[in-house]
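Read through the structure below, which is laid out as structure tokens, and then see the notes.
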Amino acid sequence: MSSRRKFLHTSAAGLAGLAAAPLAAVALPAAPAVGKPIVISTWDAGVNANKGAWKILGPGGYALDAVEAGVMVTEAEQGCCVGLGGNPDRDGVVTLDACIMDEKFNCGGVAALERIKHPISVARRVMERTPHVLLVGEGAQQFAVAQGFPLEPRKLSADAEKAYKKWLETSQYKPVVNIENSKSRPNGPVGGPQNHDTIAMLAMDAQGRICGSCTTSGMAFKMRGRVGDSPLIGSGLFVDPAVGAAAATGQGEDVVRIAGAHTVVELMRQGRSPQAACQEAIGRIAAIKGVKAKDIQVAFIALNNQGQTGAYALQKGFNFTVSTTDTPVLRDSEFLLK
Ligand code: ASP
């Protein structure tokens, strides 16, 4: 064999070996748990959202329909800053980000979408009716209108207007950690000062299909055009049917930095429990941020294909909601910075 042919031959064998090695070394979770639907979502907004999802999951419906319907409840509440009731950007405009992913790697998202009540449903249409995975800004709105979504008035909610006027007094961005948790809001369950809010939801249906959704008005008083982690598949949300799913909430920039949701899923693939995978991903963010970690909140939720759930946050104050029946259970998350 000529030395060139020999090189090609051995390289190909080497590459094949490389490709095979990680697969052989990794113990993938066993076959999906079938027959036991479960849904997990971020924050206490998840209590109502999970009830919405359970109406579909309980009677044996599809996880994708459940994660869409579930977060639509929060989008429609318009009080907790997901959806059009959210705080605006610096120019006073509410811009929404969302994404959705099914059990077959189909996914879709919208970013910087204005005047549409249910960005999660537009994200699903992007997934199902376009060859793309992400539409942004004007194009996303054009698509939504063409799909029959009504254009809502360009108007801030009373709470958002109040918060925006207050913010204009200084025009400084100072996040309030855990503002997504309604108990942490200085003005009670709705309103409150500038921050960011997200509902993310992961569900497994009775057939073992795992799907996820994520929707947000993003960081309040963000720069015009700013997009966070929430509409980005792999950052705000990721689903791999062979392993499970994960989603994020909190400071989007720091989730994107480690491709957060994908990282959590990959850690589960390597054998971590959902809880341990979330914890390790949070540990990476903390290591990157150093002393600045105390100024932000980031949290992950995860669900594996055995129906086990987990969550972990950087700071105290993150809670999440799990349902295995029609009664959601709100839990406080473990956290890193004690
Ligand atoms: N992750 C969202 C963003 O950065 C906001 C949040 O969850 O607080 O846009």
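Nothing in this text is a laboratory measurement; each read-out follows from the coordinates by a stated rule. Since the model is a prediction, treat every value here as computed from it, not as a measurement. Using ideal geometry, Cβ is built from the backbone for each residue, glycine included, and neighbour counts are taken over all protein chains shown.
State, as an integer percentage, the relative contact order of segment 218-287 based on alpha-carbon contacts under 8 Å between residues 6 or more apart.
26
How would segment 72-142 be classified by its alpha-carbon gyration tensor: rounded, prolate or oblate, with rounded meaning a/c under 1.5 and the a/b versus b/c comparison settling the rest?
oblate
Leaving out same-chain residues fewer than 8 places away, which lysines sit with a Cα under 28 Å from that of Lys155?
Excluding near neighbours in sequence, the set is Lys117, Lys165, Lys166, Lys174, Lys183, Lys222.
Taking θ = phi - 60°, what integer Hz values does the Karplus form 6.51 cos²θ - 1.76 cosθ + 1.60 yield along segment 48-56, in sequence order, with x for Gly and Pro?
Calculated HN-Hα couplings, in order: 5, 4, 5, 4, x, 5, 5, 4, 9 Hz.
Counting pairs of alpha carbon atoms under 8 Å apart in space and at least six apart in sequence, what relative contact order in percent does segment 39-116 give?
19
So, by mean Cβ neighbours within 10 angstrom, what's the order for 209-218, 34-43 with the highest one leading?
Those peptides, ordered most packed to least, come out 209-218, 34-43.
So if I take the centroid of the Cα atoms in segment 110-172 and the same for segment 244-258, what is the distance between those two points in Å?
When both Cα centres are located, 20 Å separates them.
Just order 123-131, 103-111 by mean Cβ neighbour count inside 10 Å, highest at the front, would you?
103-111, 123-131
Where does segment 219-338 land on the Kirkwood hydrodynamic radius, alpha-carbon pairs, in angstrom?
Over segment 219-338, the inverse of the mean reciprocal pair distance is 14.3 Å.
By the gyration tensor of its Cα atoms, with a ≥ b ≥ c the square roots of the eigenvalues, what is the shape of segment 273-338: rounded for a/c under 1.5, prolate for a/b over b/c, or oblate?
Oblate shape, in that a/c is at least 1.5 and b/c is the bigger or equal ratio.
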